[in-house]
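Asks: Take a look at the following structure, please.
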Amino acid sequence: MTIAALIVAAGKGSRFGSPIPKQYEMLLGRPLLSWTLDAFLKDGRIGLIQVVVRPEDRSRYDAAISACREARRDALLPPVAGGESRQDSVRAGLEGLSSRAPRHVLIHDAARPFVSPHIIGRVIAALDEAPGAIPALPVFDSLRRGDGGRLCGIVERDGLYRVQTPQGFRFDAIVDAHRRAPGNGATDDAALLQAAGLDVLIVPGDEDNFKVTEAADMARAERVVMSRLDDVRTGNGFDVHGFGPGDHVTLCGIRVPHSHGLVGHSDADAGLHALTDAILGAIGEGDIGAAFPPSDARWRGADSAIFLRHAADQVAARGGVIAHLDVTLICEAPKIGPHRAAMKARIAEILGLSPDRVSVRVPAAAEVNV
C-alpha cells in the first residue's frame, strides 16, 4: 500500500505581510517549508511526497529542500506548478500523483510545520473505515456573532471543530471529487468529498499543529521548537586582530571606514570569528583555525560569513538549532555604535535568524571619542 503526502506550498501568504511567501520565511535558520517536509520525510509510512509550488518560487523551494535534515530524499517527487486558487493547486498535485496511483493521499498545508507522527497515524488508520479523514479540535470557547463591532447573536459551539491538516483520503475518491467539482475556489478538500456524498471521519488534532498565518505566529513557532530541545548548550569565543594598513575594518560582516585595517589571513572579521568559535565550541568541534587553517590559501581574504555558515551547518547536521547569539566588540576605534543595527541584521541574515535573536554590544568604556 502506497501512501502519498501532498504538500500545498503555492500560496502567496498575503496576510503574513512579507515580500516572500510565508512558507519560505526562516524559522530558526531554516525555511518553514523544510520543517514541514522533514515531518513527512522521517515518517516511513509515507512513500511519496508531492509538493505544489509557484513556478516563480522554484529557487526558494530548492533552498528549502537543501535545508531539510532527513536523508530520505528519494520520496520527494519533482514539484508541480500550482494554480490561481488552493483548489486548483491541490488538483494539480493530485494529477501529478495520478501516474503513481497511491492508495491514500494526505493533503497538508506547507505552513503547518509541527504535524506529529500521531496525527499522521490517526488519519491513515481512519481511512480503513471511511474514504476521508481530518484531524480537528473541538471548540471550547464561547462563540458570538458580531456586526459592525457589536454583538448580535450567539453561535452554539456544540459539534463545532477547528479543522487541521493533513486531510487524508482514499486517492481515487478525492481525485474523482476534484475532477467533478466546479472551480469555485474551495479551501477544504473534505468538503469536496462530502459534496460527492462520501463520509469523512474526524480524528483528534493537536494544538501544536497550528498554521502559520500572520507574522506573530512565527514567535509561537519558535517557542514550539525551543520547547522540544532537550540538549541546550552554550559556547564562548574570543578573537583578537591587530591594526595594519588599510582604509576600513570588517566587523560582524559590515565594512566600517577607518584609518587602518585589521591584519589577518581572511578578512580579519574578529566579530564573526568569535561567534564561529563559540558555535564550534558548543558542539565540540574545535575552533576556526582547525576548520579553516591560515596555511590554506583558499581562505586568503575570504569572507568570514563562510566560516559562520559552516559552524551553523555543523549544528544543523546534529539536529540542533541556534537560538541566540551575543557578541561583544571591545575597541576604542572605530566607533561601533552607528553600525550596530547593520551588524545585527547581517549576522541574522547569515544564519537565517530574526534580528531580535542577535545581540551586538560595545562596553561603554570602550566606546570613546578618538
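Asks: Got at least one residue in region 136-159 being assigned to a loop (DSSP other than H, G, I, E, B) and within 20 Å of His108 (Cα to Cα)?
Replies: no
Asks: Which one of the conditions (1) assigned to a loop (DSSP other than H, G, I, E, B); (2) of a type in the set (A, V, I, L, M); (3) under 26 Å from Val225 (Cβ atoms) does Ala101 fail to meet, given that it meets all the rest?
Replies: Going through the list (1) assigned to a loop (DSSP other than H, G, I, E, B); (2) of a type in the set (A, V, I, L, M); (3) under 26 Å from Val225 (Cβ atoms), Ala101 breaks only (3).
Asks: Condition first: of a type outside the set (S, T, N, Q), crowded, with 23+ Cβ neighbours inside 10 Å and closer than 20 Å to Ala173 by Cα. Can you find one or more residues in region 36-43 that meet it?
Replies: No, region 36-43 contains no residue that is of a type outside the set (S, T, N, Q), crowded, with 23+ Cβ neighbours inside 10 Å and closer than 20 Å to Ala173 by Cα.
Asks: Please specify each residue of region 64-122 satisfying the condition of being over 16 Å from Ile49 (Cβ atoms), among the small types (Gly, Ala, Ser), surrounded by 15 or more Cβ atoms within 10 Å (Cβ to Cβ) and out of contact with any helix residue (DSSP H, G or I) (no Cβ under 9 Å at 6 or more places or on another chain).
Replies: Correct list: Ser85 only.
Asks: Using beta carbons and a limit of 8 Å, which pairs, at least six apart or on different chains, have the first residue in region 67-93 and closer than 24 Å to Val175 by Cα and in the same structural domain as Leu32 (by TED's automatic domain parsing) and the second one polar (S, T, N, Q) and assigned to a helix (DSSP H, G or I)?
Replies: Matching pairs, first to second residue: Gly82/Ser89; Gly83/Ser89.
Asks: Here's something else I'd like to know. Do you know which residues across region 240-254 are assigned to a loop (DSSP other than H, G, I, E, B), touching a residue at least 40 places away in the same chain (Cβ under 8 Å) and of a type outside the set (Gly, Ala, Ser)?
Replies: Cys252
Asks: Hey, can you tell me all the residues within region 255-276 that are among the aliphatic types (A, V, I, L, M) and part of a loop (DSSP other than H, G, I, E, B)?
Replies: Val263, Ala268
Asks: Among the residues of region 177-200, is there at least one that is touching a Leu at 6+ places or on another chain (Cβ under 7 Å), modelled with pLDDT of 95 or more and not in a helix (DSSP H, G or I)?
Replies: yes
Asks: Filter region 317-335 down to residues that are outside any loop (DSSP other than H, G, I, E, B) and buried (at least 17 other Cβ atoms within 10 Å of the Cβ) and give me whichever is nearest to the chain's Cα centre (by Cα).
Replies: Applying the filter and picking the extreme gives Leu325.
Asks: I'd like to know if region 142-161 contains one or more residues that are out of contact with any His (no Cβ under 8 Å at 6 or more places or on another chain) and within 27 Å of Leu32 (Cα to Cα).
Replies: yes
The values are calculated or read from the model by the stated rules, or taken from the named source; none is laboratory data. If you're wondering where the values come from, they're calculated on a predicted model, not measured in any experiment. Don't worry about glycine lacking a Cβ; one is built from the backbone with ideal geometry, like all the others, and counts go over all protein chains shown.
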